[in-house]
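Heads up, the thing below is written out as C-alpha cells.
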Amino acid sequence: MAKLALAATSGKSCKILLGLRLLAFLATLSAAIVMGLNKETETFVVGKVGNTPIKATFTAKFDHTPAFVFFVVANAMVSFHNLLMIALQIFGGKMEFTGFRLLSVAILDMLNVTLISAGANAAAFMAEVGKNGNKHARWDKICDRFATYCDHGAGALIAAFAGVILMLIISAASISRLVQPNKSCSTTASPSVVP
C-alpha cells in the first residue's frame, strides 16, 4: 500500500494522473456530445388505402428517453469536473493538495465515478430495450428502423464506459494520495524527492 501511495504522489505519477484526467475528460465529453446530437428521422409506410401507401415521418432523439437525458447530463458534469481538476493541476501553481483539499478531490472523484456509472448503466438498459425490445411489456425494438441512431448511441456508450474505467483509476489514485497528503501534485511545482 505504501508503494501505491508513493507512486500516487511522485512527479511522474502526477503527469500520469493528469493524462488520465485528460483522457477521462475527452471520453465523457465525446459521450455527451455524441448522445446529445443523436437524432435520426425516417419515413415509413404505416398503411395502405387501396394501392396508395400512407407514409408517416418519425424522429428518434435522445431527449425522448429520460435515461439518455440523464446520460448526457452525467457525462457533461463529469467532463466539467475533470476540466476543473486539470486546470487546478496545471494553473494551480504551488498549491498544496493537503488535508481538506485532498480529501475533497478524492470524494468528488468517487462521486463522479458513481454519477457516470449510473448514467452509463441507465443508458445501456434503454439501449438494450431499443435493440431487442421487450415482448412481455410489448415494447417494439427500434434499432431495426433507426440504425444510425442506435450506432451513434452505441458509440456514446463505449466512450462513457471508457470514462467509467478511467474515473475508477483516477479515484483509486486520489484515495491513495490520502495516505501521504503532504506531497504536491502540481505540474509547475518542483517534483519532490522521496527517500
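The values are calculated or read from the model by the stated rules, or taken from the named source; none is laboratory data. Computed from a predicted model, the values in this text were never measured in an experiment. Ideal geometry is used to build each Cβ from the backbone, glycine not excepted, and the neighbour counts take in all protein chains shown. The protein model used for the area step is the full one, side chains on, heavy atoms only, and it has no ligands, DNA or RNA in it. Shrake-Rupley method; radii C 1.70, N 1.55, O 1.52, S 1.80 Å.
Given a 1.4 angstrom probe, I'd like the percentage of the accessible area of segment 66-143 that is carbon and sulfur, rounded to a whole number.
Accessible surface attributable to carbon and sulfur in segment 66-143 totals 71 percent.
When we measure straight from the Cα of K141, which aspartates and glutamates land under 17 angstrom away, once same-chain ones fewer than 8 places off are left out?
By straight Cα distance, K141 reaches E40, E42, E128, D151.
What full-extension length gain, to one decimal in nm, is calculated for V179 and W139 as 0.36 nm per residue of separation minus the Cα-Cα distance? Mind dumping the intermediate values first?
Numbers: separation 40, 0.36 × 40 = 14.40 nm, distance 5.09 nm.
Working it through step by step, the gained length comes to 9.3 nm.
Could you sort out which of K12/K131; K15/K39; K55/K131; K48/K131; K15/K131; K12/K61 sit more than 32 Å apart by Cα distance in this structure?
K12/K131; K15/K39; K15/K131; K12/K61
Taking 7 Å along the Cα-to-C-beta vector as the label spot, tell me the K131-L37 distance in nanometres, rounded to one decimal.
Between K131 and L37, the label points sit 2.4 nm apart.
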